[in-house]
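Here the structure is laid out as C-alpha cells; the discussion comes afterwards.
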Amino acid sequence: MEQFKLFGTVKEVGVDDEGLAEFHNEHFDFPLFKDDGLVLYNDFFGKRSIKLTTYNPMKLYRGYKDMNKRLKEKKLDGNLKGEGMIQGGLILFDKNGDAKYAYEEEIGSPINIDDVVAALKDLSD
C-alpha cells in the first residue's frame, strides 16, 4: 500500500490550534490542508451534520460511553471547541486524482478498516 499518499483536511483554524497541533504531531503525521469554504466537505458529504440516531436516553448514554472509551483507548482528547456539527469522512482517489470511494463519518462509530483496505486493494489493481 506504499503507493498511496495520505493527507487530511480541516474545516477551521484559529479555534483550537493547540488541539489541532497535538492531533497532528501525536496521531496524524501527514500533511493537513484547510478546506476553505468547505468545498471538499460539501462536494463529497453534502453538508452532513450530526443528527440524533435515537431519542432513547439509555441508547444515547451507552453510545456516548462507548465513544469515550474508544477515545481513551486511542489516547485522544475530545473537546467541545470549534464548530463541531459538520461530519466528514474518508475519500479515496485513484492515481488520476478521481474520487473512487467515500466513507461517511458516523459520530461515535469506528471506521470499518476492512472496507477501507478492500477499497485500497481494488484501487491498486
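The values are calculated or read from the model by the stated rules, or taken from the named source; none is laboratory data. As the structure is a prediction and not an experimental result, all values here were calculated from the model. FYI the Cβ positions are ideal-geometry reconstructions off the backbone, even for glycines, and counts take in every protein chain you see. The accessibility values were calculated without ligands, DNA or RNA, using every heavy atom of the protein model including side chains. Shrake-Rupley method; radii C 1.70, N 1.55, O 1.52, S 1.80 Å.
Any idea what the relative contact order of the chain is, in percent, if you count C-alpha pairs under 8 Å spaced at least 6 apart? Walk me through the intermediate numbers first.
Numbers: 96 pairs, mean separation 29.1, N = 125.
That works out to 23 percent.
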> What are the semi-axes of the equivalent ellipsoid of the chain, taken as the square roots of 5 times the eigenvalues of the Cα gyration tensor, listed largest first and rounded to whole Å?
Replying inline: 25, 19, 16
> Angle between the Cα long axis of helix 17-26 and the longest principal axis of the chain, 0 to 90 degrees, nearest 10?
Replying inline: 60
> What are the ³J(HN,Hα) values, in whole Hz, obtained from phi via the Karplus relation 6.51 cos²θ - 1.76 cosθ + 1.60 with θ = phi - 60°, for each residue of region 64-73 in sequence order, with x given for Gly and Pro?
Replying inline: 5, 5, 4, 5, 5, 5, 5, 4, 5, 4
> Taking Lys34 as the anchor, which lysines have their alpha carbon closer than 21 Å to its alpha carbon, excluding any fewer than eight residues away along the same chain?
Replying inline: Lys5, Lys11, Lys47, Lys81
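In Å², what does the accessible area per residue of the chain work out to with a 1.4 Å probe? Mind showing how you got there, number by number?
Values: 9740 Å² over 125 residues.
Each residue of the chain exposes 78 Å² on average to a 1.4 Å probe.
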> What net charge is computed for the residues neighbouring Leu76, neighbours being all others with C-beta under 15 Å from the C-beta of Leu76, Lys and Arg scored +1, Asp and Glu -1?
Replying inline: -3
